[in-house]
Each structure stands twice: as C-alpha cells, then as structure tokens.
Amino acid sequence: MSVNQIWRENRGQATVEMALVAPVLIVCALIVWNLMIFVSAVARFDRTAPDLVLAHGASPVGGEGAAPAASADVIRSELVRAMDDERVEIEVSVDTGAGQGAHQASESILALVGTLRTYRCTLRYIPWPQELSIAGVDLGAPAVLSHTREIVIDPWRPGVVI
C-alpha cells in the first residue's frame, strides 16, 4: 500500500469527525455561556437584594402603618431596575410571621408589636435558546434557572438583618 492510497482513505475522516463533534461543542458552549450569565446575575442579585430590603423594608414608603406587601412591590421594582436584564424575572414576597396563633395574638396587646419580616426575593433566569434542534436532536434549555434569597429584618430596628 502506497502513501498516496493511505492519504486517499483518510482524507474524509477529519470532515466526518468535525460533523460529529461540532454540535456537541456548540451545545457545551451554550451551556457554559448561560451558566456564566446566570452566575453573574446571581452575584449581582445577592449584593443588591439585602441592601434594597434594608432600605425599603425596614422603613417602608408610607410610614409605620404601611402594608408589608406595598414595600415588597417597591423592592421588586427596584430590583428589576438594578438587574437591568430582559431574561431575568424577579419576584418578592413577604412573610410577617402571622401563621400559627395569629388569631390568639390579635386579641392580645402583642398584636400592636411588629413582628420579624422575612422577605423572599426570587430570581428566575430564562436561558437562551429555549428551543434548539441540531440534526433532529432536541437540545432545548430548561424552562428557568431559579435562585432565592431570604432576608429577615426587624421593623423596630432599622438596618438590622437577622
């Protein structure tokens, strides 16, 4: 067998290998790219969420009688503005700790004392692309990636995170 015959047999091998490996490399690159953007968004979210909860949750707009839900709306709008990304969804909920025994506490003098508030800030990242099909193989990203940060504050001691 001459060198020329070996060359002819192996000439298409690199093309076939590239055709098989390229889709895998593209999908791996998309996964890494989405993961880097999500980690960056989580880092920014974890830095800004406690500051905004302290600023607007401990001293809500409207004074001491303001509903915690109103401060959660303000916190959400400020977080959306701080994140400045169209693929990020933000949800803020507040739990005032009025679960068990709320009826009994409302009848006592302790109903006038504010309770600890737990602000639950959730970041949802929508990966790109949502639907991807390469060579008939569905390679779509998951629906959303989610991260939750809980911040507990005492309404009577502004600036104190518990």
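The values are calculated or read from the model by the stated rules, or taken from the named source; none is laboratory data. None of these values were measured; they are calculated from a predicted model. When we count neighbours, we look across all protein chains shown, and the Cβ atoms used for this are built from the backbone with ideal geometry, even at glycine. Quick note on the areas: whole protein, heavy atoms, side chains included, nothing else; ligands and nucleic acids left out. Shrake-Rupley method; radii C 1.70, N 1.55, O 1.52, S 1.80 Å.
Going by accessible area, probe 1.4 Å, with all protein chains left in place, what is the ranking of 71, 77, largest first? Show your work: numbers first, answer last.
Details: 71 5, 77 60 Å².
Sorted by accessible area, descending: 77, 71.
Taking 7 Å steps out from each Cα toward its Cβ at residue 82 and residue 15 produces label points 5.6 nm apart.
Phi-derived couplings, Karplus 6.51 cos²θ - 1.76 cosθ + 1.60 at θ = phi - 60°, listed residue by residue for the stretch 16-24: 5, 4, 5, 5, 7, 8, 4, x, 5 Hz, with x used for Gly and Pro. Using θ = phi - 60° in the Karplus curve 6.51 cos²θ - 1.76 cosθ + 1.60, the 3J(HN,Hα) couplings for the stretch 37-44 round to 5, 5, 5, 5, 5, 5, 5, 5 Hz; x is entered for Gly and Pro. Distance between the pseudo-spin-label points of residue 148 and residue 69 (7 Å out from Cα toward the beta carbon): 2.0 nm. Report the local net charge at residue 119: Lys and Arg +1, Asp and Glu -1, summed over other residues whose C-beta lies under 14 Å from its C-beta. Charge balance in the 14 Å sphere: -4.
Within the full protein context, the accessible area of residue 79 is estimated at about 0 Å² for a probe radius of 1.4 Å. Computed with a 1.4 Å probe on the full set of protein chains, the accessible area for residue 78 sits at about 50 Å².
Rounded to whole numbers, the Karplus 3J(HN,Hα) couplings from phi for the stretch 78-86 are 5, 5, 4, 5, 6, 6, 6, 9, 7 Hz, using 6.51 cos²θ - 1.76 cosθ + 1.60 with θ = phi - 60°, and x at Gly and Pro.
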